[in-house]
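Below is one structure; the comments refer to it alone.
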Amino acid sequence: MPINELRYFLKLLEERGELVKVKRSVSPKFELSSVARKSEIEDGPALLFKNVEGYSTPVVTNLFSKIDRIALGIEVKKGQLLQKITKAIDNPIKPKIVDGGPVKDAVVLENINLLKMFPIPIHAEKDGGPFISAGVVIGKDPETGRRNLSYHRMQVKGPARLGIHNDPWRHLGEFYRKVEVKGKPLEIAICIGLDPAIELAAAARVLYDEFELAGAMKEMPVELVKCETVDIEVPTNTEIVIEGKIPPTVREPEGPFAEYTGYYGMDEFQPVVEVTAVTHREEPIYRTIVGASMEHVILGNVVSREPVLYKFVKHVVPEVKAVHIPPYSAGFHAIISMKKENEGMAKQAIFAALTSHINIKHVIVVDEDVDIFDPKDVFWAIATRVQGDKDVMIVPGAFGPKLDRTSEEGVTAKIGIDATASLDRKEFTRVKHWKIDKINLKDYI
Ligand code: MN
């Protein structure tokens with residue numbers, strides 16, 4: 001059976017000890033998020049909070065705090081994840097429209113009060129209020145009808161009113177600009193609680209409908225059903241759907257919200273959502289992503305960008321072995337390993353990596369004997385294979401993310417570090433102790 005809904009995924013995770021049900025009562029204000037973060041820091045399981053104070057709806061989080069759980073979500077071995085996503089990007093499968101589905105178990109058109117209905121957490125102490133953080137926003141290009149899936153932080157501002165962070169460079173931002181100049185609202189649907197393939201596809205940026213990417217990852221078309229009050233289709237198995245419109249010309253301050261950088265993000269001029277309907281499954285499960293968590297970075301900056309990074313680097317340096325955007329570096333670092341055959345190859349890889357996404361700020365290139373997933377190994381390479389005057393390159397005044405506190409309104413310096421050993425006569429054979437991989441300490445101590 002393919003993983004076609006959140007509930008089934010949770011069941012699989014629980015069977016493997018990757019999800020634990022929390023029975024103890026927790027407050028949706030700070031406590032839920034802090035417990036979730038603690039579980040991440042201690043390399044613990046995803047958590048399903050069954051007893052959130054004041055609510056009967058459970059809350060699930062930390063689903064993607066570990067790459068292992070993402071691999072399980074799209075039914076692939078950990079080492080095959082990057083290839084699977086890369087292949088899916090090139091082989092999209094169109095979604096299928098059907099007549100109904102569990103998401104229509106309840107249809108609420110009047111007296112909507114989001115905070116009364118769902119346990120929307122206040123995640124971090126300086127957050128501006130409750131935020132919907134794992135809501136996948138579905139929108140349509142008003143000119144072509146192409147659907148788009150994207151994450152946006154959404155602040156609850158009233159019973160049926162949300163702030164939405166919608167930068168103009170986002171696809172949804174483009175759609176909004178196109179209708180706004182005509183004085184019209186942009187219709188959207190916010191999907192909370194989806195199967196893993198759709199959540200992953202929503203994090204990616206492709207030039208076609210991301211439901212087609214989700215279909216490719218699941219190897220079956222996503223089934224969609226029409227919304228009640230907007231011209232949008234949503235997955236039939238979504239736990240909760242919030243339908244709404246983004247009215248033209250309205251701009252308000254929104255935030256702060258704990259961002260992936262590890263700092264708070266806020267904006268003075270962002271649009272709002274006027275909610276027009278809510279539909280949900282019977283006994284829905286609310287899904288949240290803790291702001292400034294590992295899951296936040298992994299979903300937004302790692303699995304969504306590594307396939308592009310790999311493609312770009314592989315294109316210019318076929319000798320590339322592996323690429324990684326480590327989640328502990330806010331998505332700003334890229335680490336590349338290669339079998340260097342020419343002294344200039346590492347710098348060539350640095351150029352390619354820096355162009356793969358504006359967020360890539362520091363690139364480190366190592367030889368294939370270095371494990372790019374182990375920070376200790378990478379630091380060792382920087383320590384023993386770098387001469388700063390030859391191996392470090394700095395590109396001033398490039399384009400970067402505004403959320404990087406060190407940038408000047410998105411203008412940032414980029415750094416490349418060639419931590420590969422030089423190909424000259426010097427001996428760079430790394431010490432490897434006798435049969436180290438075979439030794440089992442239990443046999444000795
Ligand atoms: Mn997109």
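Structure data summary
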item: Order by protection proxy (mean Cβ within 10 Å, highest first), peptides 97-104, 390-397, 166-173; result: 166-173, 97-104, 390-397
item: Antiparallel DSSP beta bridges within the chain, percent to nearest 5; result: 70 percent
item: Whole-angstrom Cα spans of the chain along principal axes, big to small; result: 77, 58, 42
item: Student exercise, region 218-362 dipole from Lys, Arg, Asp, Glu Cβ charges, in Debye to nearest 20; result: 960 debye
item: Point-charge dipole on Cβ atoms (K/R +1, D/E -1) for the chain, about Cα centre, debye to 20; result: 500 debye
item: Value of relative contact order over region 151-250, rounded to a whole percent, pairs C-alpha under 8 Å and six or more apart; result: 30 percent
item: Kirkwood hydrodynamic radius of region 100-256, from inverse mean 1/r over distinct Cα pairs, in Å; result: 16.1 Å
item: Per-residue ³J(HN,Hα) for region 370-380, Karplus 6.51 cos²θ - 1.76 cosθ + 1.60, θ = phi - 60°, Hz, x for Gly and Pro; result: 10, 7, 6, 8, 10, x, 5, 5, 5, 4, 4
item: Restricting region 102-158 to GluC sites (Glu not before Pro) in coil, as DSSP defines it, with at most 10 other Cβ within 10 Å; result: Glu110, Glu143
item: Cross-link pairs Lys23/Lys66; Lys50/Lys87; Lys339/Lys376 - those with Cα-Cα distance over 28 Å; result: Lys50/Lys87
item: Note, ³J(HN,Hα) from phi for region 7-20, Karplus 6.51, -1.76, 1.60, rounded to Hz, x at Gly and Pro; result: 4, 5, 4, 4, 4, 4, 4, 5, 4, 8, x, 9, 9, 10
item: Kirkwood-Stokes translational diffusion coefficient of region 175-257, alpha-carbon pairs, 10 °C, 1.306 mPa s, µm²/s; result: 110 µm²/s
item: Dipole of region 77-208 [Lys/Arg +1, Asp/Glu -1 at C-beta], most positive-end residue of Gly129, Leu207, Ala189; result: Leu207
item: Net charge dipole size for region 1-71 [Lys, Arg +1 and Asp, Glu -1 on Cβ; Debye, nearest 20]; result: 200 debye
item: P(r) tail fraction, region 1-112 - alpha-carbon pairs more than 20 Å apart, %; result: 56 percent
item: Dipole axis of the chain (+1 Lys, Arg; -1 Asp, Glu on Cβ), positive-most option in Thr249, Leu115, Ser25; result: Ser25
item: Binned Cα-Cα distance frequencies in region 225-298 - 10 Å width, integer %; result: 16, 30, 40, 14
item: Placed amide H near Met154: partners under 5 Å, 5+ positions off or other chain; result: Ile132
item: P(r) of region 259-338 over all Cα-Cα pairs, binned every 10 Å from zero, in whole percent; result: 15, 29, 27, 19, 8, 1
item: Kirkwood estimate for region 290-445, i.e. one over the average of 1/r between Cα atoms, Å; result: 16.6 Å
item: Contact order relative to length of the chain, as percent, for alpha carbon pairs under 8 angstrom and 6 or more apart; result: 14 percent
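Just so you know, all these numbers are worked out from the coordinates, no wet-lab data involved. Just so it is clear, the structure is predicted and the values come from calculations on it, not from any experiment. All Cβ positions, even for glycine, are placed from backbone atoms using ideal geometry, and neighbour counts span all protein chains on display.
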